Structure formats: C-alpha cells, structure tokens
1. Mind listing just one residue for me: the one in segment B:17-40 that is modelled with pLDDT of 85 or more and more than 10 Å from chain A (Cβ to nearest Cβ) and, of those, nearest to A:Arg76 (Cα to Cα)?
2. Would you point out the residue of segment B:273-294, among those that are in a loop (DSSP other than H, G, I, E, B) and hydrophobic (A, V, I, L, M, F, W, C), that is farthest from B:Ile262 (Cα to Cα)?
3. Tally time: how many residues in segment B:28-70 are closer than 12 Å to B:Ser9 by Cα and not assigned by TED's automatic domain parsing to the domain that holds B:Leu12?
4. Looking only at segment B:734-743, decide whether some residue is part of a loop (DSSP other than H, G, I, E, B), surrounded by 17 or more Cβ atoms within 10 Å (Cβ to Cβ), at pLDDT 85 or above and among the basic types (Lys, Arg).
5. Any idea which of B:Lys57, B:Lys94 is out of contact with any Gly (no Cβ under 9 Å at 6 or more places or on another chain), at pLDDT 85 or above and either surrounded by 14 or more Cβ atoms within 10 Å (Cβ to Cβ) or facing chain A (nearest Cβ under 10 Å) (or both)?
6. Restricted to segment A:28-40, and to residues that are touching a helix residue (DSSP H, G or I) at 6+ places or on another chain (Cβ under 6 Å) and not aliphatic (A, V, I, L, M), which residue is nearest to the other protein chains (Cβ to nearest Cβ)?
7. Restricting segment B:329-358 to residues that are in the same structural domain as B:Val152 (by TED's automatic domain parsing) and loosely packed, with under 15 Cβ neighbours inside 10 Å, which is farthest from the chain's Cα centre (by Cα)?
8. For B:Gly43, only one of the following conditions fails: (1) away from chain A (no Cβ under 14 Å); (2) under 30 Å from A:Glu32 (Cα atoms); (3) among the small types (Gly, Ala, Ser); (4) surrounded by 18 or more Cβ atoms within 10 Å (Cβ to Cβ). What is its number?
Amino acid sequence: MGKEYLGEFEELVLTMVGILQEEAYGNAIVNEIKVRVGRSCNLSAVHVTLYRLEDKGMVKSNMGGATNARGGRRKRIFTITNSGLAMLRAMKEQQMQLWKLIPQLK
Amino acid sequence: MKKSSSSPSFALRILASLCPPSLYESIEGDLLEQYEEDEKEFGEKKASRRLFWNTLKFIRPGIVLRNKFSFNLFDHFMLLNYFKVASRVMARNKAFTLINVFGLTLGITGAILLFLWIGQEFTYDQFHADKDRIYKAWNRATDKGNINCWDVTPRVLAPTLQEQLSSIESAASYAGWGDQLLFTVGENRFLKSTGAYTDSTFLRIFNFSLLKGDARTALREPASIVLTEHFAKELFGDKDPFGETLNIGASGNTFPLKITGILKDLPSNTDFKFEYLIPFHFVDELQGGMERNWGNNSVASYIKLKAGSDFESVNQQIKDIAKKNREKSKNIDVFLYPLTKMRLYSKFENGIPSGGRIEIIRMLAILGICLIVIACINFINLSTARAQRRAKEVAVRKVSGAFRFSLVAQFLCESILTAAAAGIVSVGIAYLVLPLFSSLVQQPLKLDIANPFVWGIGLTFTILIGVLAGVYPALYISSFKPVKILKGMKLSASSRSITRNFLVVVQFGFAVMLVISAIVIQRQINFVQNRDTGYSKDHLIYQYLTGDLPKNYTAYKNELIQSGIAESVTKTSSPITERWSNTSSIGWNGKDPQVNILFERFYMDEHISSTAKLNIIEGRDMDLSQFPSDSTAVIINETSAKAMGFKQPLGEIITDNGQDWHVVGVVKDFVLTSPFQKVEPLLLFGCKGDWAFNVIHIRFNTSHNTQQSIAKLSELAKKYNPEYPFEYHFVDVEYENKFANLKTTQLITNIFSAIAILIAGLGLLGLSTYMIEVREKEIGIRKVMGGSVANITRLLTVNSLKPIFIAIVLFSPLGWMAMKWWLNSYAYRVDLNFFTIAYAGLAIISISVAIISVQVIRAAKANPVDTLRNE
C-alpha cells in the first residue's frame with residue numbers, strides 16, 4: 001500500500017469489522033475482541049479507532065434500527081469498505097512474505 | 001435507564017454536553033449495553049461504577065474535538081482567492097493603497113528604529129556572567145532632612161570591604177579620572193585620557209574577555225598595564241604587544257609599564273569606557289601609599305558577592321562603614337545598588353530610586369507605539385470611509401452564501417497584505433538608514449536580517465498590525481444587510497463619521513504634542529545658547545600643561561606675548577568650561593556652622609579678567625608683578641559673595657584646607673559648568689596652590705589671523721615641550737559641546753514629529769480626496785444654485801478642519817504639561833508661553849489647509865456640467 005498505514009490496534013478493529021459484518025458496532029467489537037483474542041479493551045478506545053478508520057476511508061457507518069435493549073438507543077453499524085479490505089489483504093500478504101523469510105526450523 | 005445511579009447519569013450528561021450530537025446516540029447506546037451486560041455479570045453496583053468510568057473515558061480529544069475544527073473554511077483555495085481579490089482591490093485603488101502602504105511604512109520604520117534602540121538599552125552590562133552578584137557602592141548623605149545619593153566613594157572603601165566582610169568575593173575601586181597620559185612606544189606617541197585605574201580584581205568581577213594574559217594576575221604588579229586590542233594596534237602596529245614594555249608620561253615623570261594583558265575591544269553595550277587599565281597600586285605608589293581619607297570621594301567601588309550570600313544582610317553590614325572611619329562622615333550611609341540597574345534606574349530622589357534613563361526609554365516606547373497607531377488609524381479611516389464602494393460586493397457575496405466570518409477573513413487578508421507590503425519595505429528602509437540612526441543616537445544598532453528569529457518576530461508583528469488596522473473596518477463592512485444594499489440604499493459618506501473624526505482627533509493630537517515639544521526644545525536651545533556666559537569665548541584657546549610646559553611656563557608665556565599672537569595668558573587648574581574640583585569645607589568670617597555650601601574651586605595665576613574677558617565688578621584682578629601677595633589672593637563670584645553674606649567682600653579672609661586667602665575682587669557670575677543650570681558659588685584662588693595647575697589659557701590677538709597664530713603656537717609648543725604632540729582646544733568649540741546631548745534630543749524629536757505629521761497628513765489627504773469625490777454632485781448643485789468658489793471652498797475646508805481644531809484644543813494642554821515637566825530639569829530655562837501652543841497649532845493647521853485646499857479648490861472650480869450630466 002501507499003502512504004496510509006494502520007496501527008496494530010487499528011488493524012485488529014478493522015479485522016473485527018470485517019468479521020462481524022452487519023453486527024459491527026462499538027460494543028460488539030469490544031466483546032468480539034475479548035472472545036477471539038482474549039484481550040479486553042476499552043469501549044472509548046474502540047470508538048475513537050473506528051472514527052479514525054472512517055476518516056481514512058477504511059470503513060463507513062450508518063445508524064441501525066432502534067431496539068428495546070440499550071435504552072432504546074440506535075447502534076452505529078460500521079461496514080468495511082473496499083479500500084479497507086484491500087488494506088487488510090495487503091498487510092496480511094506483506095506479513096506472510098516477511099514470515100517466509102524467517103528460516104523455518106523443521 | 002432508571003436503574004443506573006445518579007453518578008453515571010451525571011457523567012453521561014457531561015459527555016452529552018461535550019460530545020458531538022451525531023456520535024452521542026450510538027456511544028450512549030454502547031455504554032448502556034455494556035452496563036446491562038456488566039449488571040448481569042457483576043451486579044448493579046460494580047456495573048454502575050464501570051459505566052461511570054467508561055463514560056468518563058470518552059471525554060478525550062478524539063471524541064470531544066471531532067469535527068470541531070473544520071479546516072474547510074480555511075480551505076487554501078479560499079485563502080488564495082482572498083489574496084487574489086485583495087491584490088486586485090489594492091491594484092485598482094492605487095492612490096489609496098499607496099497612502100496606506102506609505103503611511104504604515106513610515107510608522108513601522110520609525111517603530112523598528114525606536115525599538116531596536118530600546119532593545120539595545122536593555123542589554124547594557126547584562127553580559128557579565130555574574131551580573132546578579134555584582135553591585136556598585138553608593139553614598140547616601142542626610143543633610144537637614146534632604147537625602148542625597150551619589151555613586152562616587154572613597155578609595156579605601158573597596159579594599160576595606162574586601163578585608164572585613166566574608167560574604168564579599170571581591171571588590172575593586174575603579175576610576176577614570178580623565179588625566180592625560182603620554183604613551184610612548186619607540187617613535188609612536190599618543191596622548192590619551194581614555195583609561196582607568198582599577199584593582200587587580202576588576203577583570204575577575206566583570207567579563208571583559210582577555211585575548212592574552214591572565215585575568216587573575218594581569219593587574220597585580222603596579223608597573224603593569226592592560227590594553228584593548230584596538231589601542232594596542234595603534235601603539236604597536238602589527239607587532240605582538242603582549243609582554244612588551246611601554247612608557248607613560250604622567251606629571252612630568254616617565255614610567256615603564258609592562259603589558260600584561262590584551263583585552264578584546266569592549267562591547268558597545270557597556271557603561272565602562274576605557275582603552276587601557278592601570279593598576280590602582282600604581283597610583284597608590286605615586287601618592288606614597290593608598291589614599292586613606294574617607295572624606296575624599298573620588299572612585300567607583302564595585303563589589304561581587306559570594307554566590308548565595310544575602311544581599312540585604314551585606315547591605316546592613318556595610319551601612320555604617322563610613323561613619324565608623326571618619327568623624328565628619330556621620331551622616332553618610334553606604335549601600336549597594338545592583339549593576340543590572342546601573343544603566344536605566346540610577347536616579348535617586350530623596351534617597352529612593354526614582355527611575356533614571358528608563359523614563360526616556362518609556363517615552364521612546366510610547367512614541368514607537370503612537371507612530372504605529374496613527375498609521376493604523378489611516379488605514380481604518382480610509383477603509384471605513386470607502387465602505388460604500390465595497391458594499392455591493394459584500395452584499396453579492398452574502399447573497400451567494402458567504403458567511404460573515406469569511407467576509408471578515410477576506411478583509412483581514414487585505415489589511416494583512418497591506419501591512420506585509422509596508423513591513424517588507426520598512427525593514428529595507430530601516431536597514432538602510434540604521435547606520436545613520438546609530439550615529440545619531442550614538443549606539444551601534446544592528447538589524448540582523450539573516451536571523452530567522454528576527455523574521456519570525458517581524459511576521460508576527462506584521463500580522464498583528466494588519467489585524468489591528470483591519471479588524472474594525474472588516475467587522476463594519478461585513479455587517480451590511482444585503483437586502484438594503486441591493487435595493488439601492490446608499491450609506492451616507494458621513495455615517496460612522498463620529499468614530500472617524502475621533503480617530504482623526506487622536507492622530508492629530510499626537511502630532512500636536514510632538515510639534516509642541518519640538519518647538520519648546522528648539523526655543524530652549526536658542527535661549528540657552530544666547531545666554532551671556534560672562535566671558536568671551538572667541539579667540540580663546542586652552543592647552544593642557546603637559547611634559548615640560550609647567551617647567552617652561554614663564555618663558556613660554558613671555559614668548560607668546562612678545563611674538564604678538566597672544567594678548568594675555570593665564571594658567572589655571574581646569575579649562576574654563578569645566579569644573580574639576582569642589583568643596584563644602586570653606587571657612588569664612590561669620591559662617592553659620594550649620595550651613596553646608598558647595599563651592600566650585602578654580603585656581604589661576606593672574607590676569608584672568610583679560611584672558612577670559614571676565615567682568616570684575618568690585619576690586620581688581622590678580623597681578624603678581626604689582627602685588628606679590630596675590631599668590632594667596634582669591635576672587636569670588638557674585639553668588640559666593642551672596643552665599644557668604646559679605647556686605648564688603650574686599651579684604652575678607654577665606655580659609656580652605658588650613659590656608660588663608662584674602663579677597664581682592666568680585667567677578668560677575670560666569671558659566672563654568674552647565675549653561676542650563678544656575679551659576680554655583682565659585683572661588684578663584686591664586687597661585688599658592690601651585691600643584692593645581694593643569695591648563696593654560698591663551699587669548700589670541702585679534703589682529704592676527706587665527707591660522708597663523710596656531711602655526712606659531714605649534715612652533716613654540718615644540719620648542720618648550722618637545723616630547724609631547726601639539727594639541728589645543730578652542731573654548732567656543734568646547735562650550736558648544738555642552739549642547740550636543742540636547743541637540744541629539746532635538747534632532748530625534750524633529751524627525752519623529754515630521755514622521756507623525758507626514759502620516760497624519762497622508763490620512764487627511766486620503767480622507768479629503770474621498771470626501772470630495774462623494775460630494776462631487778453636491779458641489780455641482782451648489783454651484784448651479786449660485787454658490788461661489790470661495791463659499792464652497794470655505795464650507796468644505798472648515799468641515800475637514802473641525803477635528804483638527806478639536807485635537808489642538810484637547811491635546812495642547814497635555815503637550816504643555818509634558819514640556820513643563822521636561823523644562824523643570826533645567827534651572828536656566830525658557831518660559832513656556834501661549835505662543836508656543838499658538839505656533840504649534842498654526843503649523844498644524846496651515847499644513848492641513850495646504851493639504852485639503854488644493855483638492856477642495858480643484859473640486860470647487862470644476863464645471864458642474866461635468867459632474868451632473870450623467871443623472
């Protein structure tokens with residue numbers, strides 16, 4: 001990729017957005033990270049990261065429908081954009097390439 | 001959300017008020033969802049606590065400030081557009097742009113020069129590494145309720161303090177007595193008086209850097225000398241002077257001194273002025289031991305405290321040192337005053353520090369700010385006056401959706417562009433005239449245009465000035481209601497005229513005050529220059545009695561008179577333009593022991609009245625051939641006679657230092673020291689004190705050409721004093737030098753008043769041009785209805801002159817008071833009278849009329865057909 005870089009946490013959040021699809025909103029991502037990676041992270045940190053990713057064009061967001069849960073507040077659902085996906089893919093490939101360069105002990 | 005306790009909901013409320021609304025709903029939703037989960041897992045209490053903290057964690061820049069700063073408004077395309085529009089507007093109105101830029105340039109250039117000067121003043125003697133520990137000793141004498149302070153102290157003070165006080169690191173006496181020394185190195189001879197005597201610690205107290213030599217030892221041996229680089233070069237040329245020996249001639253003897261140090265030339269920002277330093281031990285040995293008289297205040301004493309010692313307690317300890325050592329000094333306290341305040345705060349009034357040079361600096365700063373303000377006023381007035389022209393543009397922009405903010409930004413861009421243009425030109429001009437200005441104020445000022453820091457400051461100030469000048473017009477013009485403007489409503493040219501007239505009043509007020517001070521200074525100089533000095537300065541010269549002259553004096557004098565070039569010759573203790581000695585311990589018959597009068601001392605041999613053309617009003621002049629007893633005679637001046645209360649002064653006996661002197665004459669008061677002050681009591685003693693003679697006064701015979709006389713004098717000087725270079729001084733030139741300071745003040749005042757008037761005049765020119773432009777049709781109609789050119793001219797001129805009249809009325813009392821305060825420092829001063837203000841007012845008004853009338857008459861003469869035909 002060109003000039004845009006993702007930090008480690010940004011990459012993690014972006015991946016989660018990709019995994020959760022229609023269910024990707026702040027709290028769900030916090031829980032997903034907890035379940036899949038075993039890392040507990042703060043809600044506000046996830047929110048800020050999501051907004052930053054939105055600024056960079058990696059995700060886009062729209063408001064979901066209201067439910068009875070969560071005091072009737074709507075969710076902001078994030079979806080990964082094509083450039084976000086491309087970014088993830090590029091980073092993965094880059095890492096794989098580098099990984100291959102490490103002499104493997106058999 | 002009933003369940004959550006009050007504190008989390010309180011946190012949520014704070015967040016709600018800080019967080020952008022578009023984000024808030026989903027954030028709150030997520031927080032509540034988490035709360036619900038936590039409640040199931042940990043119970044209500046812990047869940048609310050978590051909610052509280054999680055909510056607070058959202059108060060962070062990434063959330064709170066999101067979308068707060070939108071840089072879209074400052075989009076660089078818009079900014080470029082502003083500058084494009086601004087430059088087009090400026091190019092379209094060349095005359096107004098020129099007036100604005102030129103006015104601002106004058107103001108900024110003046111301010112740059114003044115502030116460079118002010119900056120330089122604040123660096124004086126601030127470069128010494130331990131400046132905060134260095135102090136100068138002062139005396140404070142209480143005399144019948146009056147407290148006097150002065151900074152000349154006894155020679156023994158510094159060594160005594162160093163011996164007795166452990167908290168003093170080092171102390172040094174320092175004296176630049178200005179005595180003439182003849183420096184001889186091989187064939188090179190120089191007569192110099194620009195050196196000082198000081199103790200060996202001097203170079204360790206102050207940071208005058210030595211190129212060669214050791215600061216600790218350089219001045220330790222009596223027969224040593226430290227030279228500045230420049231003076232060393234003068235003496236030795238390209239040869240290395242360090243370690244060499246030179247000869248100095250002092251009081252008829254020659255002493256070899258070893259050069260133990262070469263100083264880098266002194267920086268310009270120091271109050272110390274010397275080309276060579278000679279150890280005080282040298283003087284002490286000449287005088288047969290250190291002068292231990294606590295009553296003889298003749299040197300400056302500098303003291304460096306040890307690091308960490310308490311200044312106040314040292315001050316307490318040294319307070320009584322003079323009292324302890326001398327019975328007669330029981331009214332004298334010694335105190336320390338910081339070196340850092342020496343330059344700017346060294347005036348004492350009744351024992352209390354009361355400003356000093358800083359007062360002048362403050363005046364200069366005010367002057368600098370005033371110059372910029374009156375230049376800004378020009379910009380403000382011209383922009384608001386011409387608002388009508390921009391009104392349609394503003395209206396159209398508003399209709400097409402421009403925010404007021406962006407309109408303000410656009411107009412500010414214009415003013416900043418104007419200020420920037422003026423700023424760049426000013427820096428250039430200031431750079432060019434700086435050498436001239438430096439020599440005028442006798443400070444080597446530098447404008448370091450290679451320094452990016454200087455440019456940073458310049459840029460900041462340019463923007464500041466741009467905003468200062470532009471913010472009011474920008475707010476005013478951008479406030480127009482587009483509906484009214486586009487419907488064709490005219491802003492009357494006189495709307496806002498109160499603000500505008502007020503600003504014109506301020507502008508011309510400054511100008512009036514400056515003109516008044518220029519006139520008063522001019523009159524004061526004239527007045528004092530025309531003062532009757534009491535002696536005749538023309539054809540009178542003096543020489544210093546150097547080398548063999550004292551020995552050959554009689555022969556020299558006789559030959560001068562016989563050859564016909566001199567009418568009369570008198571040797572004296574000091575030049576007739578200077579006071580070298582004074583005393584308050586004169587005794588006379590009937591003296592009130594409580595009275596303490598300071599008398600000027602002056603010694604001479606004879607014939608002073610014919611040499612200096614003094615006016616003896618009672619008794620006679622001294623004449624040794626006729627009255628040999630005149631060697632112990634004294635002539636007193638009128639003021640002395642009055643001070644001593646003599647009804648019949650002739651024959652009275654005056655005692656000085658145990659010697660009796662009999663009064664043989666009374667001389668009319670003449671100016672010995674400052675022509676600005678009143679004449680002090682003066683005693684002209686006879687030649688009994690033969691040691692006292694330093695100077696020879698010669699009155700040239702007017703029947704000879706001065707140049708021939710000088711040539712002859714040089715011949716005779718060579719004959720009788722072959723060792724020393726020939727030198728002489730014209731008394732009238734030396735007398736004129738007493739005015740040098742005031743003349744500098746005068747020149748500076750004149751320059752800056754001229755600048756102020758020029759700027760204000762430019763503003764007036766711009767305003768009147770515009771007023772006439774707007775009233776063209778009115779003038780046309782008036783003419784059609786039968787108004788005469790004279791009528792119309794009067795109408796328009798009087799209208800424009802109104803604020804100027806008001807300025808003169810309001811501000812001349814201020815100028816009057818300021819100059820009254822200034823004149824108070826002179827005992828011999830011109831009377832301020834009404835005419836001073838009248839002159840100033842008249843000058844300002846005639847300049848204004850000249851500016852206005854040219855255009856007014858042209859407008860009044862215009863054919864109404866031309867102005868009215870297109871309607």
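1. B:Asp38
2. Here the residue is B:Trp294.
3. Qualifying residue count for the region: 0.
4. Yes: one or more hits.
5. Only one candidate passes the filter, namely B:Lys57.
6. Filtering segment A:28-40 for residues that are touching a helix residue (DSSP H, G or I) at 6+ places or on another chain (Cβ under 6 Å) and not aliphatic (A, V, I, L, M), the one nearest to the other protein chains (Cβ to nearest Cβ) comes out as A:Ser40.
7. B:Lys330
8. (4)
The values are calculated or read from the model by the stated rules, or taken from the named source; none is laboratory data. What you see is a predicted model, and the numbers here were worked out from it, not measured in a lab. Every residue, glycine as well, gets a Cβ built from its backbone with ideal geometry; the counts of neighbours run over all protein chains shown.
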